[in-house]
Structure formats: structure tokens, C-alpha cells
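Data first, discussion second: the structure below is written as C-alpha cells.
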Amino acid sequence: MATLLINLLGLIAIAAIVWWFWIAPRKQRLAAIGADAQMQVLVKDGVYSPDRIRVPANEKTVLHFLREDPSPCAEWVLFPDLEVSAQLGVDQLTEIVVHPKQAGEYPFHCQMQMYRGTLIVE
Amino acid sequence: MGITKDGAAANKTAAASQTFQLHGVSCAGCVRKIEKALEGVTGVDEARVNLADKTLVIQGSAETAACVRAVESAGYGAEPVQASARVLREQQREEEQRHYHHLLWRAAIALGLGIPLMVWGLVTGEMGVNNTFQQLAWGSVGLVTLAVLVFCGGHFYTGAWQAFRHHSATMDTLVALGTGTAWLFSMLVVLLPQVLPESARHVYFEASAMIIGLINLGQALEVRARGRTGAAVEKLLQLQDSSARVLRDGAELDIPIEQVRVGDKLRVRPGEKISVDGRVVDGSSLVDESMLTGEPVPVKKSAGDLLTAGTLNKNGSLLFAAEKVGADTRLAQIIQMVKNAQSSRVPIARLADTISAIFVPAVMIIAVVAALVWFNWGPDPKVAHMLVVLTSVLIIACPCALGLATPMSVMVGVGKGAENGVLVRNGKALQQATDLNALLVDKTGTLTEGAPRLTDIESRGNAGALLQKLASLESHSEHPLAEAIVTAAKQKPLSLSPVTDFEAITAHGVKGNVDGTTILLGNSKLMQREGVAIDEWQQKSEVLSRQGKTAMYAAVDGELAGVIAVADPIREDAAAAVQRLKQLGLRIEMLTGDNAATANAVAKQLGIEHVHAELLPEDKEKIVVAQQKEGAKVGMAGDGINDAPALARADVGFAIGAGTDVAIESADITLMRSSLHGVADAVELSRATLRNIKQNLFGAFIYNTLGIPIAAGVLYPITGMLLSPVIAGAAMAFSSVTVVTNANRLRLFKPTRVAAKQVEHTNNSIGEGDS
């Protein structure tokens, strides 16, 4: 009985991992940002919040990153496809101007890719 | 090109806004009062107070001091926030130092608990819970461990929870799950030993504490090692001065660099750094630009010359007008470019990127599967084995090493490039520069100085007198060769005479009257047309042509007076650089608009076998395309005059030296120094960086692909032992330190030099120039 229970728990854990980390995020709702609204992204505890940001294509958008995590992981935020990056000061607002030309999804992350987010350009 | 545009945009935004920290602000009423007070200040377009972080952001061109006065008049305090990169970096460093000490403390406390517990376990072997006394004793140890876990590793648990809520999993998740499982299992043993078989009643508090301690220690070492990877940018930032001496109302005034405006007159004394970009108004001095260009010889600057922020004034006092300040200076843009490149993506890392995106959940699944395998098919004690395997797999897996492998090497490599005057646009350029097999080099301005000089003058009578007449005549011509003759005369110095009846005869030469004599200067066709015999000097003229010089006949009153030659001198280090590039396995081809004879002569002196002469500007791009179609990886080096399209088209475009802005825009790699050696430096550096990246990636892949199965117990049948979670923790903590340390090895990179040959050639070309 115990054997069955533990095996079942193990399988449920695997299914839960797959669902929570890989399937569910795709259904997630997106944070939206208008062309002239200014958005603040909090960098804390290993996550950007919000971590999905909608911006218009072919327009300059200013993102404000507020870093509260002093660990070196959080020091840089990189938008590799846009070739934009910034060094974030602890407890400081850092302005980052993005100007994506084409619609699509552009990931942004820290150097180690532990902090991750997506810029959705429409 | 994305960088420059987006980067520049970011800079402009920053330059137009000022941020102040406010004091004494507590309510919405204060906000309105301050904003109202600022409305009256000239130059304020918009003032916005953020009550949450007590800051004030002012848009517009208002003076900092005026804004502070306005806020103070409203009854509050304001102090400007120094947002310059240098200050930010200093704050960052202090923060890093604090964080480093924090991590060390946490490590010391956690290890202070973990090590005695581990020693106790090893010496006495009594880690089991079999009676009430042991239950009480281990229960207390468990509570102390919990306190240590929360105090020293609290950030792992909050981080893991935050990430979990956002459907993401990080290294924190692995650490939190691994140590959490070990602690929970041990607590279960303490509280309800009866539910477990006797052989499995073993506590693992020491493992939780040790793992947290070791990972904190690893992170502390990593913070240290990482600090050094940014050393190059640090050096550039240190070039920025913090204050400038401005001339205001006749008095010299020291003001913070942030307050210098375009048009301000600045004074720089001997031994001082130049604070902003500008143009000399008065005075002359030698300026050391080596920190930006790598060019060791100081440059002479006098009225009208450009000065670059960050360079060092050597011996004279200069007065100059600020042309570019703040984020617009060349130095600031170099720093921005280096920073952007340091964080850009390298194509080789794509696989690592894909893996790190799914890494943590995948490891969690592997851990569960391994645990189930041990539970169902492993030997007794099954539950204990299951727990050890689960914890070890979670702890040993290191997404950081994988994630850090590329960025750390790129960071050091690009920074090292900047130190050597090589500015790499992005990681892609860095990678492509490693496998170039052909390099097309534009002759003018790259292999040669780009400014023709008078090299030879042979005459029947007084050479000086002939030069004076020819220079007078040529001062009316707009031909580039004419300028060389006029400059040579002015340097002697000879004063020019008035010219009458000047006539420029296309594709032949010039004609005119100077001091009552008729002067002709041009090629053999001109002499033929005017009926002047050239037999006497023809041979000399041919010799000069074969040396790559443009020879011209000079006639006075219908009689041949001599031959004069003008050439664009070969850069003194070009031959050595070509030699180095050949040794790097590159096929060098020369491109030029010049005639084939001159081009071949230059190519021969430099040891270049392939020459494309008499090209029109658009032909250069066509040659790049043609070679690419043949499967070659083509690099193109030029100064951007006429070759910007070819630079952009090539796999890697190298903009040489003082090149034009267009060239720097279209190039993948910008060389601050006007030397082809920069291309060789860039190729060597990119190869060294790629090698380093490959070592790091290989190490990180091997570490994880070996570590995870070992932690899962594949060696158990051979060794009869499972990997201790503590050893897994140590391995994990030090794997990322290893990656960062290996990347730091790149800091030792030094470009090779062919020193002897360079000196020898320098002497030759100086001799040529003076003849």
C-alpha cells in the first residue's frame, strides 16, 4: 500500500512539475503596457515582476527597472536580440529604452538566465 | 547598428532628465508644493515627485542649483542624485563588498553548525533516533538548524517561492528543495520514528546546514571573481573626470562634470585629464591618447584640434570649448558600446541557452525518477537511499555554471579588446572573427596614411626654387596631389608667388605663369602636347612609378626642369601587420581605386599577393559578395571613406582608426588605433575568447552530465556508496566559481607583436618620406 502511494505521489509530482513549469506559463495572461505609459519592473527574489511585458512595435518604450536584489545575478538585465543591456543599481530605478522594430517575442534575462522575462512586441 | 541607435536614445533620455533625492517630504500636499515651486524655474519642462521613493525627476534644461533652490524655498531639501556611470559603479562596488561580507558571515554560521554535526556523525556514527532522549536531543538540533537555514539561507527559500509563483524555477528552487527535503525528512524521523523502518531512522540536519554554508561560500567567492571580470569597463570609467574647470565671467571655476554644458570654455592644465569632448580655442600641448587608441606617441594639439574626454594633457595649458558632454562624449559612447557588447549573445551559446531554459524542472523530474527507482528496486534502507539520492541530484545540478559559461568569457574578452583599442560590436562579430579566411584591405587610409606627401624632387638647378614655383602654381589647383606639393613648400618654409593665366588641363596637368615664367606640371601627355622633350628624365620617372609613386614632369619656359613625385606613404607598421595576419591564416587582398602599377608596387612592398586595382567605390562590395559566394568567410578593413557598404556586407567589417562615423556604424569591430595591427589583435582576441567559451561550456556540460548520474547513484554497484549531499553541495558551489575563474584567465591575453620587423620597417619608411 505504502509502495503504491509513494509511487503515485512521485508520478503526480512529475506531472505537476511538467504542468506548472512548462504548460501553465503558456496560458498565462500578459501584463500590457501602452505606448506612453511608463512601466516599472521589480527585480527581486529571482523574478522580474511583471515578467511578460507587452510593447508596441516600432516605437520607443521606456522600461523602469527597480532592483532590490543585491546578489550579483541581478546586476545586469540583457535584451540580447535588441542588443540592449543595462547595469542596475541596487535600490535604484534604471531607465531602459527599447525600440524593437519587428513584432515578436524578445526574451530578456540576467547574465545567468535565472531571472527571465519576455518582451512581447505587437 | 541597433546598439548605437538604441543606446544613443537611452543616453539622450538620461541627459535631459535630472533626479534629486528629497528630504522632509511626507504627504501628497508636499508633492504639490514642490511641483508648484518648480514651475517658476526656467528650463523646467516637467517636474515629477515620486512620493514612494522620495525622488524628484526634472525634465528639461534647467540648472541643477536653481532646482535645488526652488525646492528649498518651498521648505524642503533636495540633493542631486549622481547618476553618472562612474558613481553608479562605485555604489555598486560598495554594495558588492557588503554582499560579499554578508555571504561570508552566512557561510561561517551555517558551516559552524554543519561541521561539528558532521564530525559528530563521522566519529560516533550516532545519527539515528531510537529513544526519547535522542528524539529530544535531535529535535533541539533540528530547531537550531531551522534557525540557521532561515537566517543563512532565507533568500533561497523566498527566491524559490517567488519563482514558483511565477511558474519559473531557478537555482534557488533546487537549493530550497534539496535542503528543505533533507530537513523535513529528518524532522519526520525525530517526531514519528515509528512510521519508518529502523534502518532509515537517520537524521540529515548536518547536510542541510553544510549545503547552505557551502553554497553561500561559493557565492561569496563568485562575487569576488566576478568583480574582476568587469575590470576593463572599470578602467574606462576611471578615465572620466569628476570635475572640470570652467571659465565663467572671466574667472576659473571648478564645477562637477555633470554641470558642464555645450559651449562652456574649459581650462585644462598640464598633467590633467580632459573632462569632456571639445575643440581647442587657445594654447598648444601634447595630449596622451593611448588609453583610448593604444597609440603610445602623444599627439600635438593646438587651436582647432579636437580633444577627447578621458585623454591626458601632458605639457601645455589648453583652453577649449565643450562640444559634447555627459553621455554624448566619445568615451561615454565607447563605454556604452563595450557594455552592450559584453552582454550580447554569442551564437555558439544557443544550445546552452536552450538547455538552461528547461534545466531546473528537468533536474527536478530526474531527481523524482531516481528516487522512485531507488525506492522500488534499491537495496535497504530504501527510504534513506531515496532521500539521499533525491537531495544529491537536486543539489549537484548547477544551472549557474551553464548560464555563466558564455557571458563571463564575453565580458572579459570584450573588455580586454577595449583595453587594446579594439571595440567589438557584439558577440556575433566576436564569433565570426574567429573563422575568417580572407581579409580584404582598402589601401588608402588603411595600408597607407591616406594623405599624399611629396616624396621626391629631382631638378637640374635649385630644387627649392623649382618647388616654390610649382607650389605657387598648384595652390590654384584642387587636385589632392596638388595639396601635397603646397604643404611640402609651406613646411620648408617657402612663400608662394601670385599666378596668372592658370589653366587645369584634365587628365594632363596644370599650366600657368609664376614670376614671369611659364610653368608646366603634369604627365608625359602634357609635355608631348606642349612640345617639351622628356628623354632626359624619362628613366627616372619610370623608376619612381615602379616604387608606387605618382611622378610628374615639371617644365620652365618650355624646357624640362625636373621630375617630382608624390606618394601616399605606407603606414609604418603595415608590413608587420600583414605578416601577422598571414600567420593567422588569412589570405590578404588589397582593394584600391589607384592604377595597377602603383597598387602593385605598394602590394609588393607589403608582401600582399592579391591586388584588385582601379576599382570604383561600388566594386568593393561586389568583390566581398563574390568571395562570399565562393564560400570564403570575408573580413573587410577600411576607414569608411567609400567602403561603408563593403564593411557592412562583409562577415566582419573592421573600421580602422579615426574612421568616419558611417564606418563605425556599419562595422562589426572598430579599431581605435589607425593600424592594421588592430585587425590582427581582434582576430587573436576573438579566437582566445571563443576557446575560453568552449572550455567553459564543455566544463559545465561535462560537470552536469557526469554529476547528475553520479548523484543518482549509478556508481553504487561499483563503490557500494551513494554520493553524500554535502559533497554534492560543495561540487555545485565551486563549479560556478571555476567557470568565472577560467573566464578571468582571459585577462592575461596579450596580442603577439612582430617587434623587430616593425622597427626595421619604420626606419625604411621614414627614410623614404624624407627623400
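Residues that are aliphatic (A, V, I, L, M), closer than 19 Å to B:V373 by Cα and part of a helix (DSSP H, G or I) within the range B:390-406 comprise B:L390, B:V393, B:L394, B:I395, B:I396, listed in sequence order.
Between B:G114, B:G128, B:G142, B:G121, the distinction of being away from chain A (no Cβ under 14 Å), touching a strand residue (DSSP E or B) at 6+ places or on another chain (Cβ under 7 Å), over 24 Å from B:S243 (Cα atoms) and among the small types (G, A, S) belongs to B:G128 only. Taking every residue in the range B:343-357 that is on the phi < 0 side of the Ramachandran plot and of a type in the set (A, V, I, L, M, F, W, C) and pairing it with any residue that is crowded, with 18+ Cβ neighbours inside 10 Å and outside any helix (DSSP H, G or I), at least 6 positions away or on another chain, the pairs with Cβ-Cβ distances below 8 Å are B:A357/A:Q113; B:A357/A:R116.
Do the conditions hold for B:V148, that is, is it β-branched (V, I, T) and under 25 Å from B:T173 (Cβ atoms)? Taking the combined requirement at face value, the residue satisfies it.
With respect to the conditions (1) open to solvent by 20 Å² or more (accessible area, probe 1.4 Å); (2) assigned to a helix (DSSP H, G or I), A:A74 falls short on a single one, namely (1).
Taking each residue of the range B:462-485 that is part of a loop (DSSP other than H, G, I, E, B) and looking for partners that are among the small types (G, A, S) with beta-carbon atoms closer than 9 Å, six or more apart or interchain, yields B:S475/B:A482; B:S475/B:A489; B:H476/B:A482; B:H476/B:A504; B:H476/B:G512; B:S477/B:A504; B:E478/B:A504; B:H479/B:A504. Do we have any residue at all in the range B:429-439 that's within 14 Å of chain A (Cβ to nearest Cβ) and open to solvent by less than 10 Å² (accessible area, probe 1.4 Å)? Checked against the condition, which is being within 14 Å of chain A (Cβ to nearest Cβ) and open to solvent by less than 10 Å² (accessible area, probe 1.4 Å), the range B:429-439 yields at least one hit. Among the residues in the range B:211-219, are any over 30 Å from B:R93 (Cα atoms), modelled with pLDDT of 90 or more and touching a helix residue (DSSP H, G or I) at 6+ places or on another chain (Cβ under 8 Å)? Checked against the condition, which is being over 30 Å from B:R93 (Cα atoms), modelled with pLDDT of 90 or more and touching a helix residue (DSSP H, G or I) at 6+ places or on another chain (Cβ under 8 Å), the range B:211-219 yields no hits at all. The residues of the range B:172-201 that are open to solvent by 20 Å² or more (accessible area, probe 1.4 Å), facing chain A (nearest Cβ under 10 Å) and either in contact (Cβ under 8 Å) with a residue 40 or more places away in the chain or not β-branched (V, I, T) (or both) amount to a single one, B:D172.
Table: residues versus (1) modelled with pLDDT of 90 or more; (2) under 16 Å from B:R425 (Cα atoms).
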site: B:A650; (1), (2): yes, yes
site: B:I656; (1), (2): no, yes
site: B:D668; (1), (2): no, yes
site: B:S674; (1), (2): no, no
site: B:V679; (1), (2): yes, yes
site: B:N692; (1), (2): yes, no
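For the range A:18-49, a residue qualifies if it is β-branched (V, I, T), at pLDDT 85 or above and under 11 Å from the mean Cα position of the chain (by Cα), and the qualifying residues are A:V41, A:V43. Is it the case that some residue within the range B:237-254 is out of contact with any strand residue (DSSP E or B) (no Cβ under 7 Å at 6 or more places or on another chain) and within 14 Å of chain A (Cβ to nearest Cβ)? Yes; the residues of the range B:237-254 include at least one that is out of contact with any strand residue (DSSP E or B) (no Cβ under 7 Å at 6 or more places or on another chain) and within 14 Å of chain A (Cβ to nearest Cβ). Taking the criterion of being open to solvent by less than 10 Å² (accessible area, probe 1.4 Å), at the interface with another protein chain (Cβ under 10 Å from one of its Cβ atoms) and in a helix (DSSP H, G or I), the residues of the range B:311-355 that qualify are B:N340, B:A341, B:Q342, B:A349, B:A352. Being more than 14 Å from chain A (Cβ to nearest Cβ), at pLDDT below 75 and touching a strand residue (DSSP E or B) at 6+ places or on another chain (Cβ under 8 Å) is the requirement here; does B:G24 meet it? Answer is yes for this residue.
In the set B:A37, B:A47, only one residue is more than 27 Å from B:S243 (Cβ to Cβ), in contact with a helix residue (DSSP H, G or I) (Cβ under 6 Å, 6 or more places away or on another chain) and either at pLDDT 80 or above or within 14 Å of another protein chain (Cβ to nearest Cβ) (or both); that residue is B:A37. State whether one or more residues within the range A:89-100 are open to solvent by 20 Å² or more (accessible area, probe 1.4 Å), without any contact (Cβ under 8 Å) to a residue 24 or more places away in the chain, over 24 Å from B:N216 (Cβ atoms) and facing chain B (nearest Cβ under 7 Å). No, the range A:89-100 contains no residue that is open to solvent by 20 Å² or more (accessible area, probe 1.4 Å), without any contact (Cβ under 8 Å) to a residue 24 or more places away in the chain, over 24 Å from B:N216 (Cβ atoms) and facing chain B (nearest Cβ under 7 Å). Just one of the listed residues (B:I710, B:I718) is more than 23 Å from the chain's Cα centre (by Cα), open to solvent by 40 Å² or more (accessible area, probe 1.4 Å) and without any contact (Cβ under 8 Å) to a residue 24 or more places away in the chain, namely B:I718. Checking every residue in the range A:50-60 against the condition of being open to solvent by 20 Å² or more (accessible area, probe 1.4 Å), more than 11 Å from the chain's Cα centre (by Cα) and among the polar types (S, T, N, Q) gives at least one match. Scan the range A:101-122 for residues that are among the hydrophobic types (A, V, I, L, M, F, W, C), out of contact with any helix residue (DSSP H, G or I) (no Cβ under 9 Å at 6 or more places or on another chain) and free of Cβ contacts under 8 Å to residues at least 60 places away in the same chain and report the count. Looking only at that region, the number is 1. Against the conditions (1) open to solvent by 20 Å² or more (accessible area, probe 1.4 Å); (2) among the acidic types (D, E); (3) touching a residue at least 40 places away in the same chain (Cβ under 8 Å), B:D643 satisfies every one except (1). Of the candidates B:L117, B:L111, the single residue that is hydrophobic (A, V, I, L, M, F, W, C), under 42 Å from the mean Cα position of the chain (by Cα) and modelled with pLDDT of 90 or more is B:L111. Only one of the numbered conditions (1) assigned to a helix (DSSP H, G or I); (2) open to solvent by 50 Å² or more (accessible area, probe 1.4 Å) is violated by B:V602, and that is (2). Among the conditions (1) within 30 Å of B:L430 (Cβ to Cβ); (2) acidic (D, E); (3) open to solvent by 50 Å² or more (accessible area, probe 1.4 Å), the only one that B:E272 does not satisfy is (1). Scanning the range B:498-511 for residues that are crowded, with 17+ Cβ neighbours inside 10 Å and within 10 Å of B:K469 (Cα to Cα) gives a single hit, B:V499.
The values are calculated or read from the model by the stated rules, or taken from the named source; none is laboratory data. Computed from a predicted structure; not experimentally measured. Methodologically, a virtual Cβ is constructed for each residue, glycine included, from the backbone with ideal geometry; neighbour enumeration extends over all protein chains shown. Protein only, heavy atoms only, side chains kept; ligands, DNA and RNA dropped before computing areas. Shrake-Rupley method; radii C 1.70, N 1.55, O 1.52, S 1.80 Å.
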